[in-house]
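Some notes on the structure that comes next.
The values are calculated or read from the model by the stated rules, or taken from the named source; none is laboratory data. Since the model is a prediction, treat every value here as computed from it, not as a measurement. All Cβ positions, glycine included, derive from the backbone under ideal geometry; neighbour counts span all protein chains shown. With ligands, DNA and RNA removed, areas are computed over all heavy atoms of the protein, side chains included. Shrake-Rupley method; radii C 1.70, N 1.55, O 1.52, S 1.80 Å.
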Amino acid sequence: MIEASVASLAQLCGGRVVGDGSRSIDSVGDLRSAGPRTLCFVRDAMYRELAQTTRAGAVLVYEELDTPAVQIVVGDVAIAFARLAQHFHPLARVEQHRVHERAVIDPAARLEPPLDIGPGVVIGKASIGAGSMLMAGTVVGDGCSLGADCMLHANVTLYRGVRLGNRVQVHSGTVIGADGFGYAKQGDRYLKLPQIGGVVIDDDVEIGANCTVDRGAIGDTRIGARTKIDNLCHIAHNCVVGTDNAFAAACMLGGSTVLGDRVTFAGHVITGGHLRIVDDVRIGGNSGITGDVDEPGDYMGWPLMDKRQYLRVLLSLRELTQLQTDVADLKKRLPGGSAGS
Amino acid sequence: MIEASVASLAQLCGGRVVGDGSRSIDSVGDLRSAGPRTLCFVRDAMYRELAQTTRAGAVLVYEELDTPAVQIVVGDVAIAFARLAQHFHPLARVEQHRVHERAVIDPAARLEPPLDIGPGVVIGKASIGAGSMLMAGTVVGDGCSLGADCMLHANVTLYRGVRLGNRVQVHSGTVIGADGFGYAKQGDRYLKLPQIGGVVIDDDVEIGANCTVDRGAIGDTRIGARTKIDNLCHIAHNCVVGTDNAFAAACMLGGSTVLGDRVTFAGHVITGGHLRIVDDVRIGGNSGITGDVDEPGDYMGWPLMDKRQYLRVLLSLRELTQLQTDVADLKKRLPGGSAGS
Amino acid sequence: MIEASVASLAQLCGGRVVGDGSRSIDSVGDLRSAGPRTLCFVRDAMYRELAQTTRAGAVLVYEELDTPAVQIVVGDVAIAFARLAQHFHPLARVEQHRVHERAVIDPAARLEPPLDIGPGVVIGKASIGAGSMLMAGTVVGDGCSLGADCMLHANVTLYRGVRLGNRVQVHSGTVIGADGFGYAKQGDRYLKLPQIGGVVIDDDVEIGANCTVDRGAIGDTRIGARTKIDNLCHIAHNCVVGTDNAFAAACMLGGSTVLGDRVTFAGHVITGGHLRIVDDVRIGGNSGITGDVDEPGDYMGWPLMDKRQYLRVLLSLRELTQLQTDVADLKKRLPGGSAGS
């Protein structure tokens, strides 16, 4: 268990203490269930109310408020909380080299210790960087390379030739490097186009559970550094995703889609193939994209529009049947009758 | 093979026999391919027609009809059929304790016999209740607890600290307890919020194949008793799902969504995060939900509406281009010309 | 490494050589990164421009053009490229029988050599046809049968009684034969309908990663020969899919859906259950289908319409708020005022 004084935590996150800085904290939690050694955060009005009666030992706040807890005043509560939560729950690190006897490792694999290789892991002629953890049942094909400190959770599959940078995290059930969906149509039949490209995933990318990232048809599918991908997302062959993107659950990129940097997709955004989205585009949830997005900004919808415009369209949709009735009525009332259609 | 007379089956499901109750039945099936020892059901007009010429030995019916089969008249054909099908195809039960030699089990795990642990299963410092079956390749992390008579099909992944009640069924490829998608934004970068909550799944829940149920950020993600979830669904961190819910395939719950009891989602319903849906809400297929649903009832659509209203909107959508033409025409014909826009 | 002269490649794909047919080729690639022994293709104007300066040794073209590469003129560039790419990258074939010592195979399984069975594979009382490859971590249940030359990639799960034809490819994470989502409602509770049907997948089907194909409730779920399915698709219980279908990513078929032959779904098409789609139907991306489709043709939308009609509706949606404003204005301007609603 990690323990720290409120004062030292405040220092860690650049905050100012209000109250007894010597109080000892050993965990982070939420205001409702917190105990006297728990640190919590106060983000908005609902939380401010809870803070008045919380049993928490300390709270992160934007400004001083009415609470029995010791306060740490910070400029960004979310960032400060993330930092302190990481302090109490650091990423698992490999301290000593351990290869489970029930792992199956090709003699030609290059393993850079220390590693933590779990039972049932299968590694082909691949290279695995120091500090990486591969959990039970994960399969790494021939020709793969993992940088340092990667974490592949249980039952991940990497096909041959997938390259991961450093500190890449892949959650369970995710499949990287399966064949892209590429066929030539010959009469009624589909002729398979061998998918001979690879997959390159840069440093600090995190990919959620049960995602699929297909290998390139020719050339590589790429995901840029620090991009974060939620569960059940699909990245098709030859997509090139920039840095610092974030896709919430169930986003699907069609083949050869090219995304700039700092692109964000809320949940369940679908793109067609062969399109290009520039830097700093933010797409609202449940959207479908069929053409290029050439200007940064906020978009949403099916079809894709300016986000505010689409939110108005959604409101108008609720009135659509009424609108139809109104127009029918207008046609009747207009001098000359319903000549329209 | 299980055999039973029609009379005894009628007793099991509370039905009334019409015809020879001594006829022997050994299976359930459908009217087209049934043989003389097969029991079938007759649900509607199409089935009534098939019943006239079926070779089935017995049929479950709402009311007596014209068929060569012995009839069992019941108040609810579907329930009666489910009961009798369960009679002929009971859930697999663990009769004798079996731990496959190729399973890898932490010495600190608590295993309550009898269990059926398949090859390649990996169990950490977890506790597994009597009668549970864990099939090949399934991984159960440290700190997990399973109640009695659970069934984890092949290649399921439970991260650390997942708690299942009794008789929970999880189908292959499903991942429970992966990190929720939680980051604080610091400039352009995403700072990972450690996901330190757990997952609690109550008695008699069934979860389909290739689903994801994320662990809570702080506090637990919860799924209430008897809830049924189809394939490829996603339950995000800190969702609290009530009892007796049913979600068809590809439903996606955003983070911290709170659902009451007896909520049903038809296929492919997407919710935003931090919203609340009361008891007895039924959502039609292909819907998107972005706000609270405060009243029981039937809803559908994107945006979400009363279901009947939305079905009308869908009809109106078919006419939208015509409507636009009509309005353009009206504008031209109105005295004073098209001053509108 | 495979090497071939341009002339012999032209013969393989029925093309005509323009330039030095003796040039030696050892790979396929793209125009930008090609070297002097690489074959590329030129499909459209963008590629024609790249072809002018490519370093590629040979190019497949529709008609002679301005390029330093040797040209092979063909009637269909995509088909010719697929054939030649297959020549350089033939499907992996099992040359010698190999069963990894860490595979777990039921003594009653029938294995027809040669096979390539990877580590951690688990095979029940199943039969596996000659030439098949089962990669690491794949699980094949009792009663399954695989034809010749099947390929199950790593971490695939086949429940009991799944039947695959010849040359079926299944990508990682895919689950075939899990229980369909079938319950009878008894008061508030869901009573499980045992799913006692099977799954039958015909010759030359390819199924992508992390898909689910559920077993039939009664009777089988079927996928016809040569059908191709992309990642994260769901085929519910008792669907009957015809031959030569193609579904792009994230398509979801509701239960008992019956599809004809040569049906294509672009990405993310959702169908309700118990509906029927005839041969030669093509559905555009992001569509929802709730009724039968009785005529061949191109459809799209939610609700489903003629594709061209829906593309116009999408355009009209962009103007919907304006349309509403126009109608409000018309109502005001009409003699007699806004009597409408």
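How many percent of the accessible area of chain C is carbon or sulfur, using a 1.4 Å probe? Don't skip to the answer; put the middle values down first.
Details: 6310 of 13020 Å².
On chain C, the fraction of accessible area on carbon and sulfur atoms equals 48 percent.
Under a point-charge model restricted to the Cβ atoms of Lys and Arg (+1) and Asp and Glu (-1), what is the dipole moment magnitude of chain C relative to its Cα centre, in debye to the nearest 20? The partial results should precede the final answer.
Values: 33 positive and 38 negative charges, 153 e Å.
It comes to approximately 740 debye.
Could you give, in nm with one decimal, how far residue A:33 is from each other copy of that position, shortest first, with labels 7 Å out from Cα toward Cβ?
Ordered by increasing distance: 4.8, 4.8 nm.
By its C-alpha gyration tensor, with a ≥ b ≥ c as the square roots of the eigenvalues, how is the range A:9-64 shaped: rounded for a/c under 1.5, else prolate for a/b larger than b/c, else oblate? Display every interim value, and only then the final one.
Working: a/c = 1.79, a/b = 1.21, b/c = 1.48.
Judged from the Cα gyration tensor, the range A:9-64 comes out oblate (a/c at least 1.5, b/c at or above a/b).
Separation between the residue A:308 and residue C:24 pseudo-spin-labels, each 7 Å from Cα along Cα→Cβ, expressed in nm?
About 6.6 nm, to one decimal.
List the accessible area buried at the contact between C and A, summed over both sides and calculated with a 1.4 Å probe, in Å² to the nearest 100. Display every interim value, and only then the final one.
Working: alone 17940 and 17970 Å², together 30910 Å².
Approximately 5000 Å², summed over both chains.
Please list 3J(HN,Hα) in residue order for the range A:37-47, calculated via the Karplus relation 6.51 cos²θ - 1.76 cosθ + 1.60 where θ = phi - 60°; whole Hz, with x for glycine and proline.
Result, ordered by residue: 10, 9, 9, 10, 10, 10, 9, 8, 4, 4, 5 Hz.
Non-local amide H neighbours of residue A:169 (under 5 Å, H modeled in plane, Pro and chain starts lacking H): which ones?
Distant-sequence amide H within range of residue A:169: A:151, A:205, A:206, A:207.
Residue C:22 label points, 7 Å along Cα→Cβ, one per copy: pairwise distances from this copy to the rest in nm, shortest first?
9.3, 9.3
Classify chain A as rounded, prolate or oblate, taking a ≥ b ≥ c as the square roots of the eigenvalues of its Cα gyration tensor: rounded when a/c is under 1.5, otherwise prolate if a/b is larger than b/c and oblate if not. It would help to have the intermediate numbers written out before the result.
Values: a/c = 2.88, a/b = 1.11, b/c = 2.60.
Oblate.
With every protein chain kept in the model, how would you rank B:33, A:5, C:132 by accessible area, 1.4 Å probe, largest at the top? Don't skip to the end; give the middle numbers.
Working: B:33 90, A:5 35, C:132 0 Å².
Greatest to least solvent exposure: B:33, A:5, C:132.
At R0 = 51 Å, how high is the FRET efficiency between residue B:1 and residue B:52 if r is their beta carbon distance? Nearest 0.05 is fine.
Working: r = 29 Å, r/R0 = 0.56.
Efficiency at R0 = 51 Å is approximately 0.95.
Can you list the residues, at least 5 places off or on another chain, whose amide H is less than 5 Å from the amide H of residue A:183, using H built in the peptide plane?
Amide H neighbours of residue A:183, under 5 Å, 5+ apart: A:193.
Would you work out the relative contact order for the range C:1-160, in percent, from Cα pairs under 8 angstrom that are 6 or more residues apart?
On the way: 406 pairs, mean separation 22.1, N = 160.
Relative contact order, the range C:1-160: 14 percent.
Decide, for the protein assembly as shown, between rounded, prolate and oblate: order the square roots of the alpha carbon gyration tensor eigenvalues as a ≥ b ≥ c, take rounded if a/c falls under 1.5, and otherwise choose prolate if a/b is larger than b/c, else oblate. Intermediate values should be presented prior to the final figure.
Details: a/c = 1.03, a/b = 1.03, b/c = 1.00.
Rounded.
For the range C:84-113 and the range B:128-164, what is the separation of their Cα centres, given in Å?
A separation of 31 Å, based on Cα centres.
I'd like to check one number: the per residue accessible area of chain A, probe 1.4 Å, reported in Å² as a whole number. Write out the running numbers ahead of the final one.
On the way: 13040 Å² over 341 residues.
Here the per-residue accessible area is 38 Å².
List the relative contact order of the range B:1-69 as a percent without decimals, with contacts defined as Cα pairs under 8 Å and 6+ residues apart.
Numbers: 128 pairs, mean separation 17.6, N = 69.
Taking the mean separation of contacting Cα pairs over the length of the range B:1-69, I get 26 percent.
Report, to one decimal in Å, the Kirkwood hydrodynamic radius for the range B:192-269 based on all distinct Cα pairs. Can you show the working numbers first?
Numbers: mean 1/r = 0.0831 Å⁻¹.
Across the range B:192-269, the inverse of the average 1/r is 12.0 Å.
For chain C, what's the relative contact order in percent, using C-alpha pairs closer than 8 Å and at least 6 residues apart? Don't skip to the end; give the middle numbers.
Numbers: 977 pairs, mean separation 21.3, N = 341.
Computed value for chain C: 6 percent relative contact order.
May I ask you to report, in nm to one decimal and beginning with the shortest, the distances from residue B:93 to the same position in the other copies, taking label points 7 Å along Cα-to-Cβ?
5.3, 5.3
Quick one: putting +1 on the C-beta of Lys and Arg, -1 on the C-beta of Asp and Glu, what dipole do you get for the range C:205-302 around its Cα centre, in Debye to the nearest 20? Don't jump to the answer; show the numbers that get you there.
Details: 7 positive and 12 negative charges, 53 e Å.
Roughly 260 debye, rounded to the nearest 20.
List, in the order given, every pair from B:192/C:228; A:185/A:228; A:125/B:192; A:228/A:307 whose Cα-Cα distance in the structure shown is over 29 Å. All intermediate terms of the calculation are to be shown ahead of the outcome.
Details: B:192/C:228 38 Å; A:185/A:228 35 Å; A:125/B:192 32 Å; A:228/A:307 23 Å.
Long pairs (Cα-Cα over 29 Å): B:192/C:228; A:185/A:228; A:125/B:192.
Give me Rg over Rh for the range A:77-179, both radii from the alpha carbons and Rh done the Kirkwood way, two decimal places. Intermediate values should be presented prior to the final figure.
Values: Rg = 14.2 Å, Rh = 13.8 Å.
So for the range A:77-179, dividing Rg by the Kirkwood Rh gives 1.02.
Please list, in chain and number order, the residues 5+ apart from residue A:221 or on another chain whose amide H is under 5 Å from its amide H, with Hs placed from the backbone.
A:198, A:199, A:200, A:216, A:238
When the helices in chain A are scored as -39500 (n - 2.57) per DSSP H run of 4 or longer and the sum is shared across all residues, what 222 nm value do you end up with, to the nearest 500 deg cm²/dmol? Write down the numbers at each step before the final one.
Details: 5 runs with 53 residues, N = 341.
My calculation for chain A gives -4500 deg cm²/dmol from helical runs alone.
For residue A:143, what is the net charge nearby, where nearby means another residue's Cβ is under 12 Å from its Cβ and Lys, Arg count +1, Asp, Glu -1? All intermediate terms of the calculation are to be shown ahead of the outcome.
Details: positive: A:110, A:125, A:160, A:163, A:215; negative: A:106, A:142.
With Lys, Arg at +1 and Asp, Glu at -1, the net is +3.
I'd like the antiparallel share, as a percent to the nearest 5, of DSSP beta bridges with both residues in the protein assembly as shown. Working shown, then result.
On the way: 33 of 228 bridges.
Looking only at bridges with both residues in the protein assembly as shown, the antiparallel portion is about 15 percent.
Put +1 on the Cβ of every Lys and Arg and -1 on every Asp and Glu Cβ in the protein assembly as shown; which of A:301, B:156, A:122 then has its Cα farthest towards the positive end of the dipole?
A:301
For chain C, give the share of DSSP beta bridges that are antiparallel, in percent and rounded to the nearest 5; count only bridges with both residues there.
15 percent
If R0 is 45 Å, what FRET efficiency do you get for residue A:96 and residue C:11 from their C-beta distance, rounded to 0.05?
That gives a FRET efficiency of 0.15.
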